[in-house]
Every structure is written in C-alpha cells, then in structure tokens.
1. May I ask you to evaluate 6.51 cos²θ - 1.76 cosθ + 1.60, the Karplus curve with θ = phi - 60°, for each residue of region 238-247 and list the ³J(HN,Hα) values in order in whole Hz, giving x for glycine and proline?
2. For Leu212, enumerate residues with amide H under 5 Å from its amide H, sequence gap 5+ or separate chain, H modeled in the peptide plane.
3. Residue by residue, what Karplus-based ³J(HN,Hα) values in Hz, rounded to whole numbers, does region 69-85 have, using 6.51, -1.76 and 1.60 with θ = phi - 60° and x for Gly and Pro?
4. Amide H to amide H, which residues 5 or more places from Thr115 or on other chains are under 5 Å from it, using H placed in the peptide plane?
5. Can you tell me how much longer the chain between Ile60 and Tyr92 gets when fully stretched, taken as 0.36 nm per residue apart minus their C-alpha distance, in nm with one decimal?
6. Quick one: 3J(HN,Hα) in Hz for region 104-113, Karplus 6.51/-1.76/1.60 with θ = phi - 60°, rounded, Gly and Pro as x.
7. Just want the ordering: Val233, Val135, Val227, from fewest to most Cβ atoms lying within 10 Å of their own Cβ.
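Throughout, read-outs are computed from the coordinates displayed, never taken from laboratory work. Keep in mind that what you see is a predicted model, and the values were worked out from it rather than measured. In this analysis, Cβ positions are derived from the backbone assuming ideal geometry, glycine residues included, and neighbour counts consider all displayed protein chains.
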Amino acid sequence: MDAPSADRAPLLELKGISKQFGAVHALTDVRFDVFPGEVVALVGDNGAGKSTLIKVISGIHRPDSGTIRWRGKDVTMGSPNDAATLGIATVYQDLALCDNLDVVANLFLGHELTTRGGPLGPVGARGPLGVMDEVAMERRAIEVLRRLSVKIPSVRTEIASLSGGQRQSVAVARSVMGENKVVLLDEPTAALGVAQTAEVLELVKRLRSQGLGVVLISHNMPNVFEVADRITVLRLGRWVGTYDAKSVTHEQLVVFMTGKSPDAEAKPAASELVSEVHPKASPP
C-alpha cells in the first residue's frame, strides 16, 4: 500500500504528545497517525515509550501536552470509555478473555444483548435487567467470525479449549463487534507458533481490507514487514520517524531504534521517508 496521500484525512492523529511520570519523561513531543484501511506498526526497543503511547491512545493515560484528533476534530480522552466511544479498541497481550466462558459469552462480555421483556425486566426493556438473548448473540457471533474468516470448532466452545491463535482471533473479533474504526494490537503474535502466527497475521490483513485502521505493536520484524504499510519508530520516548514499509530495511530500523551510528548507505533517501525524521530524535 502506498503512503497516504495528502488529501486523505487520518482517522486518528496525535501531535506533540508528552507524558511524564515524576522525573521520568516517558514521551516527549511524539507524533503518530493512522489512516483508514492501513496497518501502522509501532516499533522501538524496550523503554522506547510504545506502551505509554498506546495507553494514551486507549484513554488510560492523559497526556501532559499535545493534541489528539479523531476524524479531523480535537478530542480529549480521559478514560478507556472515551476511547471506546470514539471507536478505538485495544487488544492487550493478556487478551482479557474468560477461560471458563464460551466464545459467544466472551464476544459480548459486558455488552450482552437482551430480549424484550422477560422475568428480569419490564416489557420493552433492553439492558442489564433484560433476559440475555442467546440466540441473537450466537447469530451475531457467527456472522462476525465468518466475516473475519476465523476458524474455531464452535462458537459454544470454551475459550480454555482453543489454541493460542484461536484465542487471539477471538480477542480481535471482539474488538470489532461494535462500530470501532481503529484497532490497537499489542504483540498479537507473542508466544504463538508458526501456524498460529500466520493465522493472526491473515486476520490483521482482513481488518485492513475492511477499512479499519490497525496499529500493530511488535518486536517481531518479519511480522511487521509482512503486514505493515507504514512503520513508526520510537526511541527513548521520542518520535524518530515514520517510514514506508516497502522502502525501509530491517537493518535501517535497527539503526533508528538503537541510535547507533549508521553507514552512509544505511539511512534511506528522503524520498523513502513517509515523514521526515524528527531533528531531536535523529540517530547521531
């Protein structure tokens, strides 16, 4: 996929984001954006600020300074609920799945569909006092999993019985059950085997093909190059640059992530950069 053109507006755009915890400057003047129908990888060494940036985007941390724009409008996110209301979903490494519940229950956990009326609520009620509509939830679960080509034995299979790749796929499917437009995936292939990793990467590509903006946080460079359209590098809490995944090389990314002095050939030409390297964060 080519770099987003100037006439396209990003779904999510962050500028000048800074976050400090006591004496620790976790983020300093960071920029980041994601467009519809693309995968942006967020990479960096340990301590680069990736987790803090993701928590800012997901509403867990409020930035000390900077602006966040959603579909062209400035927004303030003070809680995860604010991010979810906008249409931002986050799938963390622990997946937050309940092993003793089946796939349907996990997909709708906290957002259960209810029948109209019933012994637990008045006629016409829809919400926590209604009776759970198991049939409607099962149909919706099958529809979403089929759309994403997620293969599992049954939507009534308990999560504990699924493979690592299937569990990851269910967690990702849950993130698109509503009207979400941006999905953040935190190390989705960590601890997965080769076949399971391939399954998850295909799911990432399907999310992109359906017009979602996908943010992939990963230390696995082969996975990054397989699915990413652009790659944003953080180092020591600063934005280093955003690169076209087709132009930058693995070796160049290592240089930018570690700050080691590159050879003259290691730095990509200006035409290969999606965004110019931040002057304060350029590798020496």
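1. Each residue of region 238-247 in turn: 10, 6, 8, x, 10, 10, 5, 5, 7, 9 Hz.
2. Gly37
3. Computed from phi, the couplings for region 69-85 are 10, 10, 6, x, 10, 5, 9, 10, 10, x, 7, x, 5, 5, 5, 5, 5 Hz.
4. HN-HN under 5 Å from Thr115: Val131, Met132, Asp133.
5. Values: separation 32, 0.36 × 32 = 11.52 nm, distance 1.26 nm.
Taking 0.36 nm per residue and subtracting the Cα distance, the gain is 10.3 nm.
6. Going residue by residue, I get 4, 4, 6, 5, 10, 4, x, 9, 5, 7 Hz, with x marking Gly and Pro.
7. In increasing order of surrounding Cβ atoms, one gets Val135, Val227, Val233.
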